[in-house]
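Worksheet: the structure to be examined is printed underneath.
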Amino acid sequence: MPELPEVETVVRGLDRELRGKRLKDFVFLSQHLVSKQPATALSLENYYGKKIKKIWRRGKVIVFEFSGQLGLIVHLKMTGQLYFVCPDQLLDKHSHARMAFYGFKKELRFRDIRKFGYLNCLKVEEIQKKIQTELGPEPLEMNFQDFFSQLQRFGKKRIKGWLLDQKIIAGIGNIYSDEILFEAKISPERKTISLSPKEARNLYRAMKSVLKKAIELKGSSVSDYVDSLGQPGKFQKRHRVYGREGKPCFRCQGTTVQRKKICGRSAFFCPSCQS
């Protein structure tokens, strides 16, 4: 599933190309996108001729903000892709929506093999309320005091699950939780309340460092993720534990990376380096 660095990369590419453009055409190609529309959803025709004011990210979701207070919230889920193509490029069976813009030669397509993703057409105000209710703070915007307070507030949670909980911190998923914990030298099995102030500070710094570096390298392409130009990310070449079960630890060299189910998810870690 695309996480914060991947979604941020996609958003930057979309906003750079589409801000100020007016929507010419918007079509759902698959019925499942229609069925996922909430009761308050707007019809696609309402968007025709509307200008994109900006495109932004919150956690793992993408928000298109149009003139007239119209919005579009997109979640890529596991295999979703949003990228530009030439209009004459053939549609495959996994392409589920397309958008065209005045004065812009390419069209934007939404592709999703697993069909878990969605595009919901809502008023901007409704999207903002939804985000405030469902998502915690942004990890790159948190100060340490708020971060440490959240650790103590949910002290009974394992640190792996704490990082994955979108209502606590928005945007971190399986890949980056493992990479953050490895950099901080903290076991994913630890309870958050067990972390000392020094360990909490290390975790906070690791979170910022790993996410910033991943954004710089345009995310991790370990499955279906591509950016808005259809290009893969490069951070997967920097993974230290994720997906490396049975391979030597990059840090200590003497221990192999283990994989274990924690909080219902696979966790990759070094049992020697992470305590």
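For the range 197-252, the Stokes-Einstein estimate of translational diffusion at 25 °C and a viscosity of 0.890 mPa s comes to 190 µm²/s, using the Kirkwood hydrodynamic radius over alpha-carbon pairs. When restricted to Cα atoms, the range 117-207 yields an Rg and a Dmax of 14.3, 45 Å, respectively.
Please identify the trypsin sites (Lys or Arg not before Pro) of the range 42-99 that satisfy two criteria: DSSP loop assignment and at most 13 other Cβ atoms within 10 Å. Which are they?
Details: sites: K50, K51, K53, K54, R57, R58, K60, K77, K93, R98; in loops: K50, K60, K77, K93.
The qualifying sites are K93.
For the chain, averaging the sequence separation of C-alpha pairs within contact (under 8 Å, six or more residues apart) and dividing by the residue count gives a relative contact order of 19 percent.
Using the empirical formula 2.2 N^0.38 Å as the baseline, the Cα radius of gyration of the chain reaches a ratio of 1.07.
How far, in nm, would the chain grow between R265 and S43 when pulled straight, counting 0.36 nm per residue and subtracting the alpha carbon separation?
Numbers: separation 222, 0.36 × 222 = 79.92 nm, distance 3.73 nm.
My answer for the length gained is 76.2 nm.
To the nearest µm²/s, what D does Stokes-Einstein give for the range 37-145 at 10 °C and 1.306 mPa s, using the Kirkwood radius over alpha carbon pairs as Rh? Don't skip to the answer; put the middle values down first.
On the way: Rh = 15.3 Å.
Translational D for this selection: 104 µm²/s.
Need one number for the range 144-269: average projected area of the convex hull over its C-alpha atoms, nm².
Numbers: hull surface 32.0 nm².
Approximately 8.0 nm², given one-decimal rounding.
Per residue of the chain, the DSSP helices (runs of n ≥ 4 H) give a summed -39500 (n - 2.57) that works out to -8500 deg cm²/dmol at 222 nm. Summary of the geometry: the range 2-16 and the range 214-260, compared by the centres of their Cα atoms, lie 18 Å apart.
Listing S95, S209, S220 from fewest to most neighbouring C-beta atoms within 10 Å gives S209, S95, S220. Quick check: Cα centre of the range 18-50 to Cα centre of the range 65-87, how many Å? Cα centres, the range 18-50 to the range 65-87: 9 Å.
Rule-based calculations on the coordinates, nothing more; no lab input. Only a predicted model underlies this, so the values are computations on that prediction, with no experimental measurement involved. All Cβ positions, glycine included, derive from the backbone under ideal geometry; neighbour counts span all protein chains shown.
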